[in-house]
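**Q** Provided herewith is a single structure, encoded as structure tokens, for subsequent inquiry.
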Amino acid sequence: MEERKLNIMVIDDENIVGKRLKPALEKSGDIVETFEDAKKALERFNEKPFDIVVTDIRMDEVDGIEVLEHVLAHSDKTKVIIITGYATVEVAREALAKGAFDFIAKPFKPNDLRVVIERAAKQLKN
């Protein structure tokens, strides 16, 4: 059975995060777009469906919770994975309560994220 390529969006205002994650996630054939600017990311999300959105929680103009709310308001299929650098359990809980698929605490290895993405992908297939 042909594995479906995932369209993954990564939003983190630290440029290095997208730079590290993009090649790691593309290894499995998925299509990855990275954004440092959450506003631009949401404009792009409105143009094209993404299966998975990975977003940092703490960003300047638009934070991860706002990204989560926007994504869920526009798509009932997209899975949102929150990256939290301040492993603040309350914020992560808030994100999960609002419909995030899961969260991952920095620092993490690209492979740790891959595992969460694969779990999200399984749910997308159902």
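The values are calculated or read from the model by the stated rules, or taken from the named source; none is laboratory data. Treat the numbers as computed from the prediction; the structure is a model and nothing was measured. Quick reminder, even Gly has a Cβ in these numbers, built from the backbone with ideal geometry, and neighbours come from all protein chains shown.
**Q** Filtering segment 35-72 down to residues that are at pLDDT 95 or above and of a type in the set (Asp, Glu), which residue is nearest to VAL115 (Cα to Cα)?
**A** Checking each candidate, the answer is ASP51.
**Q** Please go through segment 47-67 and give me each residue that is closer than 17 Å to ALA121 by Cα, in contact with a strand residue (DSSP E or B) (Cβ under 6 Å, 6 or more places away or on another chain) and without any contact (Cβ under 8 Å) to a residue 60 or more places away in the chain, ordered by number. Reasoning before the result, please.
**A** Here is the first cut: in segment 47-67, the residues closer than 17 Å to ALA121 by Cα are 49-55.
From the residues that got through so far, the ones that are in contact with a strand residue (DSSP E or B) (Cβ under 6 Å, 6 or more places away or on another chain) too are 50-55.
Of everything in segment 47-67, those that are closer than 17 Å to ALA121 by Cα, in contact with a strand residue (DSSP E or B) (Cβ under 6 Å, 6 or more places away or on another chain) and without any contact (Cβ under 8 Å) to a residue 60 or more places away in the chain turn out to be PHE50, VAL53, THR55.
**Q** Could you list, in sequence order, all residues of segment 95-111 that are surrounded by 12 or more Cβ atoms within 10 Å (Cβ to Cβ) and closer than 16 Å to VAL17 by Cα? Full working, then the answer.
**A** Taking segment 95-111 as the starting set, the residues that turn out to be surrounded by 12 or more Cβ atoms within 10 Å (Cβ to Cβ) are 95-96, 98-106, 108, 110.
Those that are surrounded by 12 or more Cβ atoms within 10 Å (Cβ to Cβ) and closer than 16 Å to VAL17 by Cα: PHE103, ILE104, ALA105, LYS106, PHE108, PRO110.
**Q** Filter segment 97-111 down to residues that are at pLDDT 95 or above and outside any loop (DSSP other than H, G, I, E, B), then give me how many there are.
**A** Step one: filter segment 97-111 for residues at pLDDT 95 or above, giving 97-102.
With outside any loop (DSSP other than H, G, I, E, B) added as a condition, the list becomes 97, 102.
Residues in segment 97-111 being at pLDDT 95 or above and outside any loop (DSSP other than H, G, I, E, B): 2 in total.
**Q** Does ILE11 satisfy the criteria of being among the β-branched types (Val, Ile, Thr), farther than 19 Å from GLU94 by Cβ and touching a strand residue (DSSP E or B) at 6+ places or on another chain (Cβ under 8 Å)?
**A** Values: among the β-branched types (Val, Ile, Thr): yes; farther than 19 Å from GLU94 by Cβ: no; touching a strand residue (DSSP E or B) at 6+ places or on another chain (Cβ under 8 Å): yes.
So ILE11 fails the test.
**Q** I've got another one for you. Name the single residue, out of those in segment 15-29 being surrounded by fewer than 19 Cβ atoms within 10 Å (Cβ to Cβ) and touching a Lys or Arg at 6+ places or on another chain (Cβ under 9 Å), that is nearest to GLU118 (Cα to Cα).
**A** SER28
**Q** Now for a separate question. Out of ALA73, ALA92, report the one residue that is small (Gly, Ala, Ser), free of Cβ contacts under 8 Å to residues at least 40 places away in the same chain and surrounded by 14 or more Cβ atoms within 10 Å (Cβ to Cβ). Please lay out each step first, then the result.
**A** Values: ALA73 fails: surrounded by 14 or more Cβ atoms within 10 Å (Cβ to Cβ).
Answer to the selection: ALA92.
**Q** Could you list, in sequence order, the residues of segment 38-57 that are part of a loop (DSSP other than H, G, I, E, B), surrounded by 15 or more Cβ atoms within 10 Å (Cβ to Cβ) and of a type outside the set (Phe, Trp, Tyr)? Steps first, answer last, please.
**A** In the first step, residues of segment 38-57 are kept if they are part of a loop (DSSP other than H, G, I, E, B); the result is 48-51, 57.
So of that shortlist, the ones also surrounded by 15 or more Cβ atoms within 10 Å (Cβ to Cβ) come out as 50-51, 57.
Matches in segment 38-57: ASP51, ILE57.
**Q** Look through segment 73-93, keep the residues that are modelled with pLDDT of 90 or more and over 12 Å from the mean Cα position of the chain (by Cα), and return whichever of them is nearest to VAL115 (Cα to Cα). I'd like the intermediate steps shown before the answer.
**A** Step one: list which residues in segment 73-93 are modelled with pLDDT of 90 or more, which gives 73-83.
Among the residues that remain, those that are also over 12 Å from the mean Cα position of the chain (by Cα) are: 73-77.
On the way: ALA73: 26, HIS74: 25, SER75: 23, ASP76: 22, LYS77: 19 Å.
My answer is LYS77.
**Q** Which condition from (1) loosely packed, with under 15 Cβ neighbours inside 10 Å; (2) closer than 17 Å to HIS70 by Cα is the one that ILE8 breaks?
**A** ILE8 satisfies every listed condition except (1).
**Q** Let me ask something additional. With the requirement that a residue be in contact with a helix residue (DSSP H, G or I) (Cβ under 8 Å, 6 or more places away or on another chain) and assigned to a loop (DSSP other than H, G, I, E, B), what does segment 58-73 give you? Steps first, answer last, please.
**A** If we filter segment 58-73 for residues that are in contact with a helix residue (DSSP H, G or I) (Cβ under 8 Å, 6 or more places away or on another chain), which is where we start, we get 58-59, 61-68, 70-71.
ARG58, MET59, GLU61, VAL62, ASP63, listed by residue number.
**Q** From VAL32, VAL10, which residue is touching a Ser or Thr at 6+ places or on another chain (Cβ under 7 Å), within 15 Å of ARG114 (Cα to Cα), assigned to a strand (DSSP E or B) and not small (Gly, Ala, Ser)? Give the steps one after another, and end with the answer.
**A** On the way: VAL32 fails: touching a Ser or Thr at 6+ places or on another chain (Cβ under 7 Å).
Going through VAL32, VAL10 in turn, just one is touching a Ser or Thr at 6+ places or on another chain (Cβ under 7 Å), within 15 Å of ARG114 (Cα to Cα), assigned to a strand (DSSP E or B) and not small (Gly, Ala, Ser): VAL10.
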